[in-house]
1. Sequence gap at least 6, Cα distance under 8 Å: using those rules, report the relative contact order of the stretch 19-108 to the nearest whole percent.
2. Checking the cross-link filter: which lysines have an alpha carbon closer than 29 Å to that of Lys107, excluding same-chain neighbours under 8 positions apart?
3. How big is the charge dipole of the stretch 19-108 about its Cα centre, in debye rounded to the nearest 20, if each Lys and Arg gets +1 on its Cβ and each Asp and Glu gets -1 on its Cβ?
4. If every alpha-carbon in the stretch 19-108 counts as one equal scatterer, what log10 I(q)/I(0) does Debye give at q = 0.18, 0.25 1/Å?
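Throughout, read-outs are computed from the coordinates displayed, never taken from laboratory work. Because the structure is a prediction, the values reported are computed rather than measured. Neighbour counts run over all protein chains shown; Cβ positions are idealised from the backbone, glycine included.
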Amino acid sequence: MGNLQGGLHECCSFCKRNKTDVELLISKPKVRVCNTCVEELLVKCSDSSQYRESRLHELCTFCSFIAKNPFLQLGEDPNEMVRNVGGPEVWICQSCLTLCEGIVLEKLRR
């Protein structure tokens with residue numbers, strides 16, 4: 001069953017936990033990550049056997065739309081390599097995870 005309007009069945013794209021089973025769910029139009037996965041995925045970013053490198057915005061499900069819009073890439077090096085974790089269907093880069101970590105810290109006041 002897909003997402004119902006109003007978000008009743010929204011879940012984390014990485015662990016599949018329902019919105020009601022996590023403290024915080026950060027959402028983009030096609031992908032969501034819960035506070036628990038943010039912490040776990042950040043740890044994986046420091047383990048070379050757990051991450052995959054790609055060009056900036058190329059693989060990350062959260063920020064890949066930037067790669068398709070050159071106006072959003074001002075001042076960025078398109079050849080910069082970043083770490084991505086997740087897979088096989090959804091990925092998140094270390095930069096987006098760091099941003100999500102800040103959101104989690106602010107919203108949950110840890």
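1. 30
2. Correct list for Lys107: Lys16, Lys19, Lys28, Lys30, Lys44.
3. 320
4. Computed log10 I(q)/I(0) values: -0.80, -1.32.
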